[in-house]
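Working notes, beginning with the structure itself.
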Amino acid sequence: MMKFRKLGLASLFSVMFGSLVVGCGSDSDDNSDSGGTVSPPDVSQDHPHPHVFGKVQNSNLEKASFSLYWGIPKPVPTDLPIQITGAEVIDWLDRNYGGEAIINQHKKVWKRGNFSTFDVAAYAADEMSERVCHQWKGTKDCDLEFSFTWNPERQTHDLVVNGEKNWNHSYWYWSGDDGDHGGVQNLEYFGQIRMDETRSDDKINIGIHPVGDLDKHIAAQKAEVARLEANGGQVIIPLINVQTKWRNDPNVDFHQWYIISQECPGNPSNYCFSPDESLAMIDANGKPMSHMGKVDEEGKFSSCGITGGKCNDKRYDYTIKNLKVKAHNIRPDIYYDGVITMADVLLSLNDHEDHNGKHSGTMNFWPILATESNPESFAFESLDGLYASGNHGWLFDWGEVNNSHFYFNSPHIMPDKVVLVSPELIKWRYASFYDSYGEWQKFMAYDLNDPYKNTRHKVKTAQWPLEASHFGWKVADCAQCHTTADMDFECTKQLKEPGLLEPAKCAECHGANGASDGHLEKAMCVRCHIDLVGHGDALTNKQVHPFGEFGSGLSKTMSDPYSCVSCHQNEKDVLVGGK
């Protein structure tokens with residue numbers, strides 16, 4: 001039996017305060033070896049805002065595809081996802097909601113052709129009940145009642161599945177073609193994001209399931225709406241805490257404990273630990289497996305995790321108060337004018353000054369991830385002059401001051417995809433996973449989950465940095481002289497792909513081989529550097545974009561912008577690496 005109901009349509013909520021800022025600009029072909037600062041392109045109609053670099057995309061979900069996991073992360077009879085296309089959901093919305101996303105009946109958010117994870121779930125419950133039942137219960141028929149009611153106090157829908165009111169969603173970018181798309185293992189729950197305001201980006205995994213802490217999120221959402229109403233509809237962020245460097249907590253007395261089992265019920269890390277090395281599990285190299293962590297007063301050990309991230313110093317370096325946020329409408333292809341996102345918070349800094357002085361924020365465009373997911377989103381580039389570069393970048397989180405659940409969760413979602421109502425607290429943290437990893441690896445060398453354990457030997461023994469005496473000095477395409485066949489991959493098997501030699505991965509062990517410094521990285525590199533002679537399959541005739549139209553494709557060996565910053569670092573030109 002399946003019932004699909006929508007209940008209690010409430011009054012329309014108007015989104016307020018929108019302004020569109022448009023500028024203009026040019027491209028440059030400068031590809032010299034000089035290390036001096038190079039000015040970024042002038043703004044043009046290709047830029048949606050003077051502090052946003054990258055062409056405005058005409059993005060919709062008609063050709064998108066999603067993997068839906070119903071009931072996950074609870075144990076289920078099958079972990080095979082339900083495959084859904086954007087065209088299917090759009091057709092269903094056309095037939096049932098006039099072509100608009102469901103939330104648009106109450107609050108204008110999504111332009112036609114765009115919709116949320118909530119819309120995907122509602123479509124699946126209504127049109128694909130047999131497949132939902134099979135994924136959820138292991139049968140073709142089950143009791144499935146999916147109902148929802150608009151709640152103006154939360155500015156979102158109250159969802160009920162089979163009488164249970166604690167259902168919410170998880171989200172993860174597609175992880176490659178490995179059978180189940182990596183979804184079950186990698187679904188990430190972040191309940192502070194309203195389900196009907198979370199866009200179903202192309203090639204994502206969506207989990208619909210019950211959760212145990214929904215009451216906290218409901219309370220936070222109600223507080224946001226009350227704050228917005230008290231401010232007359234103006235989004236004002238009372239508190240933004242900024243941390244300018246990822247560092248270990250100085251108050252933690254670290255202990256090294258040994259893994260004695262990889263299946264430990266009730267332990268978030270799924271490991272069982274002991275201080276006794278003689279009880280340790282032994283890895284393939286005959287070494288004891290261990291973690292670093294902290295021990296509480298009762299003698300209970302808590303692992304700091306594979307990167308030490310769970311033992312980071314949570315203190316912030318400065319605070320920005322009472323930031324007035326306006327809609328900059330940098331995604332007119334996705335949102336109706338006036339929708340506020342995390343991107344708008346960053347851009348609103350450019351009009352804000354307080355006791356810390358004048359603030360600033362810039363963004364640039366990311367077309368595609370290495371996992372082949374297509375976020376086609378704008379990412380944080382800089383905050384107050386501290387730039388994302390190479391391995392360094394900005395993390396963010398938001399919520400209520402008294403709800404510690406939100407602190408530094410840093411959800412994997414792009415800032416222009418985070419729709420905000422009026423949170424009390426935002427936290428921005430400048431971090432480098434790899435720097436943290438480098439500091440931590442001496443404690444983690446024998447962890448089977450360590451993704452770099454096989455490369456560490458070569459990192460220590462490789463010729464680094466390469467110098468002018470190297471016969472291939474300043475040759476960008478390593479494959480001109482080397483092939484995968486003549487490389488020693490005994491300790492670096494995961495870097496090997498027959499016939500494919502990626503210079504960015506060579507740089508991890510051998511340095512940048514004389515590459516010139518970067519310069520601000522304010523846009524995708526190929527917006528200016530169209531002619532990439534000597535850069536492998538990125539070579540073009542200046543008429544064909546080396547990475548696909550508007551950067552939406554990938555070079556196999558020079559995947560922009562990630563491979564560019566591996567060699568063309570900008571440490572001499574801008575502030576990177578943390579304060």
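Observations on the structure shown:
- ³J(HN,Hα) computed for each position of region 326-335 - Karplus, 6.51 cos²θ - 1.76 cosθ + 1.60, integer Hz, glycine/proline x: 10, 6, 9, 6, 7, 10, x, 6, 10, 10
- Residues with amide H under 5 Å from that of residue 377, placed H, sequence gap 5 or more: 366
- Coupling constants for region 419-431 follow from the phi torsions by the Karplus curve (6.51 cos²θ - 1.76 cosθ + 1.60, θ = phi - 60°), and in residue order they are 7, 10, 9, 6, x, 7, 9, 10, 10, 10, 10, 8, 8 Hz; glycine and proline get x.
- The ranking of 474, 137 from fewest to most other beta carbons within 10 Å of each one's beta carbon is 474, 137.
- Quotient of C-alpha Rg and 2.2 N^0.38 Å, computed over region 108-156: 1.41
- Ordered by the number of other Cβ atoms lying within 10 Å of each residue's own Cβ, fewest first, 427, 310 fall into the sequence 310, 427.
- Residue separation of residue 263 and residue 188 scaled by 0.36 nm, minus their Cα-Cα distance, works out to 25.0 nm of gained length.
- Amide H contacts of residue 198 (H built 1.01 Å from N, in plane; Pro and chain starts excluded): 117, 118 sit under 5 Å, all sequence-distant by 5 or more or on other chains.
- Cross-link pairs exceeding 32 Å between alpha carbons, from the set 63/321; 417/579; 203/294: 63/321; 203/294.
- Overall form of region 270-331 per C-alpha gyration tensor (a/c, 1.5; a/b vs b/c): prolate
- Between residue 213 and any residue 5 or more places off or on another chain, the built amide H atoms are never under 5 Å apart.
- Each peptide among 245-254, 124-133 gets the average number of other Cβ atoms lying within 10 Å of its residues, and from highest to lowest they stand as 124-133, 245-254.
- Sorted by Cβ density within 10 Å, fewest first, the residues 342, 281: 281, 342
- According to the calculation over all Cα-Cα pairs in region 78-161, the P(r) per 5 Å bin from zero is 3, 14, 23, 22, 19, 12, 6, 1 %.
- Anisotropy class of region 187-249 from Cα gyration tensor, a/c 1.5 cut: oblate
- Scattering curve values for region 255-303, log₁₀ I(q)/I(0), Debye with Cα scatterers, q = 0.13, 0.18, 0.29 Å⁻¹: -0.27, -0.51, -1.15
Bear in mind these aren't lab numbers, they're just calculated from the coordinates by the rules spelled out. Computed from a predicted structure; not experimentally measured. Positions of Cβ are backbone-derived with ideal geometry, glycine not excepted, and every protein chain shown enters the neighbour counts.
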